[in-house]
Each structure stands twice: as structure tokens, then as C-alpha cells.
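The values are calculated or read from the model by the stated rules, or taken from the named source; none is laboratory data. Worth saying up front: this structure is predicted, and the values here are computed from it rather than measured. Note that we place each Cβ from the backbone using ideal geometry, even for glycine, and neighbour counts take in every protein chain shown.
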Amino acid sequence: MVFYVLNGSPRKNHNTAKILNSAMEGIRSILPDAEFKWIHVYDYSYSGCVSCYGCKRIGGKYYGRCAKRDSISGILADISRGDGLLIGSPVFFHDIPGQLRAFLERLLYPYLVYGQEYTSIAPKRFPVAFFYTMNATEEKMKQMNYPVKLSAMEEYAGIVFSEPEIFYCFDTCQFDNYQLYKADRFSEKEKSYIKKEQFPKDCLRAAALGEKIARKAICQNPIVSGNPGRT
Ligand SMILES: Cc1cc2nc3c(=O)[nH]c(=O)nc-3n(C[C@H](O)[C@H](O)[C@H](O)COP(=O)(O)O)c2cc1C
């Protein structure tokens, strides 16, 4: 089985990537032979959807796939044939980063069918999970209504691939050394406690969700997974 791991953070080894890595290990604990393909979206140069509507043009060459040709065209096609998708996102200004949003526009829109109700013409259905990391504490993120603010892409991913699992990691350590940065609103002491005590627990939670994703993938594709519990 092939799982795509989409890192929507510009940083490759910080909170979002670590949480994704834990989720990957969770999947691996259930599916030791699973393959993981990481996509760091900031490594690529592309734009979001350009409203060419090639993907909606009846009988057109690009019906049901993104007509815009650039560095992510092949990746979009590969993801849609995978067995699962993990999406990691830091919160930027109460939303997902623009680069990730642009990627998801290109991934999701071509498969969305404008019928009376939205349906999907994606080649496969597979489990999806969104992993968010943020400065906000759990209390603050509720006050600021993040679950609603972040829900648009989740909703469309649900229509196109399958209803996503949602994971939040709060109060992340943004800087390795808070003394080097102007950041008085945060307590360095509290952040180092979080880094030492809380974040490892968050990673365990992410691993548990990874295990759940693996089980979902097995249910959706029992033959490929070789799950001995199914014939
Ligand atoms: C441009 C920018 C905007 C941010 N906006 C928010 C925000 O609105 N809410 C929040 O809780 N955290 C915000 N953060 C903090 C990051 O979401 C948080 O530190 C995240 O865990 C960083 O992920 P990373 O370690 O993978 O880079 C922002 C960070 C940056 C760089």
C-alpha cells in the first residue's frame, strides 16, 4: 500500500513534520510493508486553480483531471491512485497556509462533479486525515472557532476521497530558542514544558490515529493489504 504524506509546513523537521512522522509510524505498526511518499509542498513551484475549467469541460482532454501543467501535475495524479493521504498543516492566520491551499485546490477540484449534489469522480476512495499544528491552546482555538474556520478543505476532501479524520496539536513550540526571538506573548518556561512533556504525548496520539488510518485502508483494500483476517 502507498500512503502520501503531504507536509504543508515550510519546515521539514518541525512540529507538523514530526506529527506526520508519528502518524506514519502508527500506520507502519499495522502495515509494516506500507510505502510512504512524502511531498513537502514548499519544494515545488506551482499555483492554485486558475479557473481554466478544463477539468469540467465535457468531452475535453482534461475532463476529471487538472489541466494546468506544472511541477505538481504528476504528483496530483499519483496521490489519487494511492491508498491513503495524510495532510499536515500549520495554522497560518487562522487558516491553512496558502501553498497548501493552492495544492488542495488543484488536487480536489477536478474530481468534484457539479451535479445537483456534489459527487466525486476520483479514481479511488481512500482514508484521509488532516493534522493541524498551532500556537493556540485548545481553549483559544475553540474561542477562535478554528474547527469551523479550517473545515472547508476537510469538507471537500470528504466528498472527493472519504470523510477525513481530524487531529489538532496545540500550543506548539515555534522556536527552538525563544530567547533569540521577539515573542513576549509566550512564556519560554511554558513552551519548554510543552516541548518536553506534552508534545511527545501528541506524537503518541498521532501514531494512534495513524493506526486507525491503516485499519481503514485495510477495510477499503483488503486484498492488496494481504490482511489475514479477510478472505
Ligand atoms: C505566518 C504564520 C502565521 C501563523 N498564524 C498562526 C495562527 O493564526 N494561529 C496559531 O495558532 N498559530 C499560528 N502560527 C504558528 C504556527 O501555526 C505553529 O507554530 C505551527 O506549529 C508551526 O508548524 P511547524 O513547526 O511545522 O512550522 C503562525 C505561524 C506563522 C509562521
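In the stretch 114-231, which strands (runs of 3 or more DSSP E) lie fully inside it and hold 2 or more residues that are under 23 Å from ILE19 (Cα atoms)?
Qualifying strands (runs of 3 or more DSSP E): 128-133, 165-169.
Name, by its number, the condition in (1) under 16 Å from the mean Cα position of the chain (by Cα); (2) at pLDDT below 95 that does not hold for GLN99.
Checking GLN99 against (1) under 16 Å from the mean Cα position of the chain (by Cα); (2) at pLDDT below 95, the one that fails is (2).
Mind listing whichever residues of the stretch 163-174 are in contact with a helix residue (DSSP H, G or I) (Cβ under 8 Å, 6 or more places away or on another chain) and farther than 12 Å from ILE194 by Cβ?
The answer is PRO164, GLU165, ILE166, PHE167, TYR168.
Could you grab the pairs with beta carbons closer than 6 Å, sequence gap of 6+ or different chains, first residue in the stretch 135-160 and under 24 Å from TYR111 (Cβ atoms), second one in a helix (DSSP H, G or I)?
MET153/LEU104; TYR156/LEU108; VAL160/LEU108; VAL160/TYR111
Considering (1) within 23 Å of GLU163 (Cβ to Cβ); (2) within 14 Å of the ligand (Cβ to nearest atom), say which one TYR42 fails and leave the rest.
(1)
Would you be able to say whether some residue in the stretch 12-32 is away from the ligand (no atom under 11 Å from the Cβ), in contact with a strand residue (DSSP E or B) (Cβ under 7 Å, 6 or more places away or on another chain) and basic (Lys, Arg)?
No: the stretch 12-32 contains no residue that is away from the ligand (no atom under 11 Å from the Cβ), in contact with a strand residue (DSSP E or B) (Cβ under 7 Å, 6 or more places away or on another chain) and basic (Lys, Arg).
Examine the stretch 64-85 for a residue that is touching a strand residue (DSSP E or B) at 6+ places or on another chain (Cβ under 6 Å), of a type outside the set (Gly, Ala, Ser), modelled with pLDDT of 95 or more and over 25 Å from ALA206 (Cα atoms), and state whether such a residue exists.
Looking through the stretch 64-85, none of the residues is touching a strand residue (DSSP E or B) at 6+ places or on another chain (Cβ under 6 Å), of a type outside the set (Gly, Ala, Ser), modelled with pLDDT of 95 or more and over 25 Å from ALA206 (Cα atoms).
Looking at the stretch 56-93, which of its residues are surrounded by 14 or more Cβ atoms within 10 Å (Cβ to Cβ) and within 16 Å of the ligand (Cβ to nearest atom)?
Selection gives LEU86, ILE87, GLY88, SER89, PRO90, VAL91, PHE92.
Which one is surrounded by the fewest Cβ atoms within 10 Å (Cβ to Cβ), of the residues in the stretch 119-163 that are more than 23 Å from ALA217 (Cα to Cα) and small (Gly, Ala, Ser)?
ALA152
Given the structure, is GLY26 out of contact with any Cys (no Cβ under 7 Å at 6 or more places or on another chain), under 29 Å from ARG205 (Cβ atoms), crowded, with 17+ Cβ neighbours inside 10 Å and not hydrophobic (A, V, I, L, M, F, W, C)?
yes
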